[in-house]
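The values are calculated or read from the model by the stated rules, or taken from the named source; none is laboratory data. This is a predicted model, so every value here is computed, not measured. Cβ placement follows ideal geometry from the backbone for every residue including glycine, while neighbour counts extend to all protein chains displayed.
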Amino acid sequence: VHVYYDIVTSQECVILTYGTADLCDYPIVRLHMESLLNRFPLRRATCRYRLKTSVKLIIQYGVGIIMLLPKDGRGSDFGSYALEQMLLEGRIVMNSTDARKKIGIRYDTNDYDGTALLLSIHCPTKKIQMIMNTPSSIMRKTDYLSALKDSGFDVKKCLFIEPGGL
């Protein structure tokens, strides 16, 4: 377990590592967002499933990294989550995407350049396999994938963990 603290944002990042990568390995990496409402033990069944499946894949492969970023799945923190829930429960909007637009929150505000830097500390070969929820995650996580590419990471493949993805 490795914990980092960003003095600029006052946010922490927890990195869980398993095994030791050889030069020829492509460790499996899961970027898992967390929030105040989703701390351990994971309360949401979908988040619990995603994390358990990620751990299982990493253990089966023998080497991997789970990065727990301090913001929820869309990088917008607790306040916007609460507003989103009020809009959804009040039927003012029909889905999370519409709620985020109404609130004025960008889809994702995480610092993926910093995330890639931390990942490079634990994976100096910069060769990885990514665990993502669904193929559509690739379309939504362009900032993250761009940061990995700009930092010199070679993403061998993406493993999808939603039903039908594996």
Extreme residue, nearest to SER80 (Cα to Cα), among residues of the range 105-128 that are crowded, with 20+ Cβ neighbours inside 10 Å and in contact (Cβ under 8 Å) with a residue 60 or more places away in the chain: ASN110
Counted residues in the range 1-15 being in contact (Cβ under 8 Å) with a residue 60 or more places away in the chain and surrounded by 14 or more Cβ atoms within 10 Å (Cβ to Cβ) come to 4
Might you check whether a residue that is part of a helix (DSSP H, G or I), hydroxyl-bearing (Ser, Thr, Tyr), within 29 Å of TYR5 (Cα to Cα) and modelled with pLDDT of 80 or more occurs anywhere in the range 116-131? yes
Could you figure out which of (1) over 11 Å from TYR26 (Cα atoms); (2) among the acidic types (Asp, Glu); (3) modelled with pLDDT of 90 or more isn't true of ASP154? (1)
Only one of these conditions is not met by SER136: (1) touching a residue at least 24 places away in the same chain (Cβ under 8 Å); (2) surrounded by fewer than 18 Cβ atoms within 10 Å (Cβ to Cβ); (3) out of contact with any helix residue (DSSP H, G or I) (no Cβ under 9 Å at 6 or more places or on another chain). Which number is it? (1)
